[in-house]
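> Quick one: the structure is below, and I'll ask about it shortly.
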């Protein structure tokens, strides 16, 4: 099994100007199984984005190790940021093709992704003509297009209104169920995490570490029911009273 294991014993930021040195992460240990969808919930500013940067190999200044399939190597990683980060002077299709080594060889796969996300009709449109929700779907396609082994998603639905966020979330799930792989998804919304995750990890304030984890047992075919989601959330509030600040 291609499991991802993450151990961050310590991640420090040095003093800069009047800012004091800071230990952002300490004694954090977690794992993600092959094909598992894991959501991270934690206080604002606790270090979630820093953790994603470490997992992605962007930040190597930490004590600890990342291993994949039992080896000290990074998997093939796709990333979806808080902002879509589409190039304004390239069309939807061109923005996706940018990440591909051989766009011609991947054309059929991209066609399929565009169809799954209902974006075929806008593939030759420039980003300025897209809604924010559509732009976020393009960013998700771009990450899936490289066939990642692990997908990192940093609050990709932030700033969307509730209907738009739900639409993009359902599109993401449809795409993930069609092409399953490991996902680490950062969210500030517990309802969103319940709707998406196989497992939720609750994180502390800095120095950040895992303080609790919950397996989401709701069948996926009924997770579009808000009453079911809210009932599970209320159950967690009862079972984990020490985490109320994160709810």
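> Relative to the longest principal axis of the chain, what angle (0 to 90°, nearest 10) does the C-alpha long axis of helix 162-178 take?
The helix 162-178 is inclined about 80 degrees to the chain.
> Can you give the calculated 222 nm mean residue ellipticity of the chain, where each DSSP H run of n ≥ 4 adds -39,500 (n - 2.57) and the sum is split over every residue, rounded to the nearest 500 deg cm²/dmol?
The helix-only estimate for the chain comes to -9500 deg cm²/dmol at 222 nm.
> Write down the percent of antiparallel bridges among all DSSP beta bridges whose residues are both part of the range 120-218, to the nearest 5.
50
> Using only Cα atoms, tell me the angle between helix 226-239 and the longest principal axis of the chain; keep it within 0 to 90° and round to the nearest 10.
Roughly 20 degrees between the two axes.
> For the pair residue 104 and residue 170, how long in nm is the line joining their label points, each one 7 Å along Cα→Cβ?
4.0
> Then there's this: Fewest first, what order do 227, 188 take by the number of other Cβ atoms within 10 Å?
Sorted ascending by nearby Cβ count, the order is 227, 188.
> Oh, and also: How do 195-202, 15-22, 125-132 rank on mean C-beta neighbours within 10 Å, highest first?
Ranking the peptides 195-202, 15-22, 125-132 by packing returns 195-202, 125-132, 15-22.
> Run the numbers for residue 213 and residue 198: contour at 0.36 nm per residue of separation, minus the present Cα-Cα distance, in nm.
4.3 nm
> If contacts are Cα pairs under 8 angstrom and at least 6 residues apart, what is the relative contact order of the chain in percent?
Relative contact order comes out at 27 percent.
> Please give the length that would be gained between residue 226 and residue 10 if that part of the chain were fully extended, namely 0.36 nm times their separation in residues minus their C-alpha to C-alpha distance (nm, one decimal).
Gain in length upon complete extension: 73.9 nm.
> Shifting gears a bit: Rounded to the nearest 5, what % of the DSSP beta bridges within the chain are antiparallel ones?
55
> Once the Cβ-Cβ distance between residue 65 and residue 239 is put in as r, and R0 is 30 Å, what FRET efficiency do you end up with, to the nearest 0.05?
0.40
> So what's the gap between the Cα centers of the range 98-157 and the range 192-247, to the nearest angstrom?
29
> Report the relative contact order of the range 39-101, percent, no decimals, based on alpha-carbon pairs under 8 angstrom and at least 6 residues apart.
Dividing the mean separation by the residue count of the range 39-101 yields 15 percent.
> Would you mind checking the tilt of helix 107-116 against the longest principal axis of the Cα atoms of the chain, expressed as 0 to 90 degrees and rounded to 10?
70
> Quote the relative contact order of the range 166-247 in percent (integer), defining contacts as alpha-carbon pairs under 8 Å separated by 6+ residues.
After rounding, I find 24 percent.
Throughout, read-outs are computed from the coordinates displayed, never taken from laboratory work. Since we're looking at a predicted model, the values are computed, not measured. All Cβ positions, glycine included, derive from the backbone under ideal geometry; neighbour counts span all protein chains shown.
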